[in-house]
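Down below is the structure, laid out as structure tokens.
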Ligand code: MRU
């Protein structure tokens, strides 16, 4: 089934990429005709979200193969675009040496869509009737081939008539929660409330949150999970308030080569994103800035990880290895 929100449109000889930098104000697609243009789209956040980045990279190699380009060089350029989401490297590995790159890229895209639907069905079972579900960043249709991981679970729970509502955290500094998750939910008339990140503790303390569900960029062999900066804070607060904290991610987000979260590379992004937003600057010249784009939530804070193969409750090395084997 064609997804309602399409972050990527494969047109055979062109990849059209929805420019997520302009959302929610403008719906504009950027055309990419080779791997270098796709790498730029990933690096510049035109397309973002772990599974979407993986799909885009696969299509980038398919474009390059079609034009008879240098696939080794193309893979290098794509691999250098962003460091944290393992789906990018997973997709590049899977594309390496395949006989029909275009067919493989389309398979990666279609499998991601199917995985999201399956996670939606499995995850919806964890969400209670009438639950107020918090999410952080955007793990929605925009961040995947379509439908979404965490927002896929929310979509499925909503479609099942569970009468849920969503709290989306703004997600400073890049505002994926405010610009993208809120937009996706409003489009589909799923009740959604926007809060700033520093309101999370208060809302939990006031018993206004029943569950948290987020996506992931890379999950280590022991279940430690890298996701958008601020996720760790939300997980700590959820534990403090006895609120279940769920992660939804396809198996392509697991990195069994990494034993725990300390080895996950964390992208450091430009200072401008913290100093201001778009044309507006609010901090003084000369101030030092840190801008880590992701953090790691230890497995012990995660109630369950929802994958397309099943739900891993209280994830650890053994339960993850057994599900992925
Ligand atoms: O920097 P981004 O916007 O690419 O970060 C995205 C996230 O952290 C998402 O939560 C994650 O990729 C999961 S998307 C299904």
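Observations, loosely collected:
- Strands (runs of 3 or more DSSP E) fully within the range 217-271 counting 2 or more residues that are in contact with a helix residue (DSSP H, G or I) (Cβ under 6 Å, 6 or more places away or on another chain) and at pLDDT 95 or above: 218-220, 245-248
- Within the range 279-307, being within 17 Å of residue 225 (Cα to Cα), within 13 Å of the ligand (Cβ to nearest atom) and in a loop (DSSP other than H, G, I, E, B) holds for one residue alone: 293.
- Residues (in a loop (DSSP other than H, G, I, E, B) and either within 10 Å of the ligand (Cβ to nearest atom) or in contact (Cβ under 8 Å) with a residue 60 or more places away in the chain (or both)) located in the range 148-171: 149, 171
- Pair list, Cβ under 6 Å, 6 or more apart: the range 246-275 residue without any contact (Cβ under 8 Å) to a residue 24 or more places away in the chain and more than 11 Å from residue 220 (Cβ to Cβ), other residue assigned to a loop (DSSP other than H, G, I, E, B) and away from the ligand (no atom under 16 Å from the Cβ): 271/289; 275/283
- Tally, over the range 204-217, of residues that are more than 9 Å from the ligand (Cβ to nearest atom) and under 14 Å from residue 149 (Cα atoms): 2
- Of all the criteria given as (1) within 15 Å of residue 172 (Cβ to Cβ); (2) surrounded by 14 or more Cβ atoms within 10 Å (Cβ to Cβ), the one not satisfied by residue 307 is (1).
- Note on the range 10-27: residues that are at pLDDT 95 or above and outside any strand (DSSP E or B) total 10.
- Test: residue in the range 232-252 that is more than 26 Å from residue 204 (Cβ to Cβ) and in contact with a strand residue (DSSP E or B) (Cβ under 8 Å, 6 or more places away or on another chain): yes
- Pair list, Cβ under 9 Å, 6 or more apart: the range 111-137 residue more than 13 Å from residue 154 (Cα to Cα), other residue modelled with pLDDT of 95 or more and surrounded by fewer than 19 Cβ atoms within 10 Å (Cβ to Cβ): 115/251; 115/309
- Selection status of residue 318, within 26 Å of residue 49 (Cβ to Cβ) and assigned by TED's automatic domain parsing to the domain that holds residue 223: no
The values are calculated or read from the model by the stated rules, or taken from the named source; none is laboratory data. The structure displayed is predicted, hence computed values, not measured ones. So basically every Cβ, Gly included, is an ideal-geometry build from the backbone, and we count neighbours across all protein chains shown.
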